1. Could you grab the pairs with beta carbons closer than 9 Å, sequence gap of 6+ or different chains, first residue in region 152-181 and without any contact (Cβ under 8 Å) to a residue 40 or more places away in the chain, second one among the aromatic types (Phe, Trp, Tyr) and open to solvent by 20 Å² or more (accessible area, probe 1.4 Å)?
2. Within region 1-47, restricting attention to residues that are charged (D, E, K, R) and not in a helix (DSSP H, G or I), which residue is farthest from ILE93 (Cα to Cα)?
3. State whether the residues of region 139-147 include one that is open to solvent by 30 Å² or more (accessible area, probe 1.4 Å) and at negative phi.
4. What are the residues in region 106-153 that are outside any loop (DSSP other than H, G, I, E, B) and not hydrophobic (A, V, I, L, M, F, W, C), if any?
5. Restricting attention to region 54-102, and to residues there that are assigned to a helix (DSSP H, G or I) and polar (S, T, N, Q), which single residue is farthest from ARG33 (Cα to Cα)?
6. Quick one: how many residues across region 227-240 are open to solvent by 30 Å² or more (accessible area, probe 1.4 Å), outside any loop (DSSP other than H, G, I, E, B) and touching a residue at least 12 places away in the same chain (Cβ under 8 Å)?
7. Restricting to region 171-219, and then to whatever is of a type in the set (Ser, Thr, Tyr) and part of a helix (DSSP H, G or I), can you tell me which residue is most open to solvent (accessible area, probe 1.4 Å)?
Amino acid sequence: MRDIDVGVVADTVRRLCVEANHELRGDHLAALRRARDVEESPTGREVLDRLLANAEVSAREHIAFCQDTGYAVCFLEIGQDVHFSGGSLAAAIDRGVAEGYREGYLRASLVRSPVDRTNTGDNTPAMVHYDLVEGDGVRLTLLVKGAGCDNMSALRMLTPAAGVGGMTDFVVETVERAGPSASPPVTIGIGMGGTFDRAAVLAKRALTRDPTGSPSPDPAIADLEREILDAVNATGIGPAGFGGTVTALSVHIEAYPTHIAAFPVAINLDCHSHRVREVTL
């Protein structure tokens, strides 16, 4: 049995909240540079140049890359041989978010409920997903998720008869509906399979793949990711919706077993401010 003080978790979350908002991950910056190299539209190239310049300034000056500093979405893979001491794990995560958003001068964006729009004041509670795994390790992944792109996400309960073609059409339809509102070039997380709720979590988890644009280890899924990416970029929406050949930087698909009569598909879009950090405690 391994003992971990929840204070360590709180401090880690605090640090990641600041880092994720101030500095885009290196692999994502590389993806933006690759997009700049292949973008055919002069306006699209100008947008990508400005995004890269903005990333440089935000990292150098330690200010938020985007004013929407988002939900703090945490994925925790916890070994079954780990014991947390010193208090509540959930409370420690929220404490880390609150301290990080205060320390990093990050906007508190959460309200108490869709009906009670009173701001909670410290960007809590965090949106936390727990997975119990073997061993005594803990992997913590933070996804900072803005509302503009999250609002453009979608879920559909397709039938098996709709097949992969129906899923591809749904993804393209979702991106076209989003247009500039999702702040392209986007990263597309797709969850397929499981149940209604599992598909949505899979889609959000897919966004955290490291590095951006790396293919699924399943060759058939990897081929599908490439096909969907080509179909999305053929829409011509382009960077910031001004037109161009790079609407999406990557497509990440996570698949899970499902019912014989079901084909759930969830699509979670992430904007050009793709903010992810991951550590192993």
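1. ALA161/PHE263
2. GLU40
3. Of the residues in region 139-147, the ones open to solvent by 30 Å² or more (accessible area, probe 1.4 Å) are 139, 147.
From what is left, the residues that are at negative phi are 139, 147.
Looking through region 139-147, at least one residue is open to solvent by 30 Å² or more (accessible area, probe 1.4 Å) and at negative phi.
4. Let us first name the residues in region 106-153 that are outside any loop (DSSP other than H, G, I, E, B), namely 111, 119, 127-133, 138-145, 147-150.
Those that are outside any loop (DSSP other than H, G, I, E, B) and not hydrophobic (A, V, I, L, M, F, W, C): ASN119, HIS129, TYR130, ASP131, ARG139, THR141, LYS145, GLY148, ASP150.
5. Here is the first cut: in region 54-102, the ones assigned to a helix (DSSP H, G or I) are 54-61, 89-102.
Among the residues that remain, those that are also polar (S, T, N, Q) are: 54, 58.
Details: ASN54: 13, SER58: 17 Å.
Here the residue is SER58.
6. 5
7. Looking only at region 171-219, we keep the residues that are of a type in the set (Ser, Thr, Tyr), and these are 174, 181, 183, 187, 195, 208, 212, 214, 216.
After this cut, where a residue has to be part of a helix (DSSP H, G or I) as well, the list is 174, 181.
Working: THR174: 2, SER181: 66 Å².
My answer is SER181.
The values are calculated or read from the model by the stated rules, or taken from the named source; none is laboratory data. Source: prediction; values computed, not measured. Cβ coordinates were reconstructed from backbone atoms using ideal geometry, including for glycine residues, and neighbour counts include every protein chain displayed. Ligands, DNA and RNA are stripped out before the accessible areas are found, and what is left, the full protein with its side chains, is counted by its heavy atoms. Shrake-Rupley method; radii C 1.70, N 1.55, O 1.52, S 1.80 Å.
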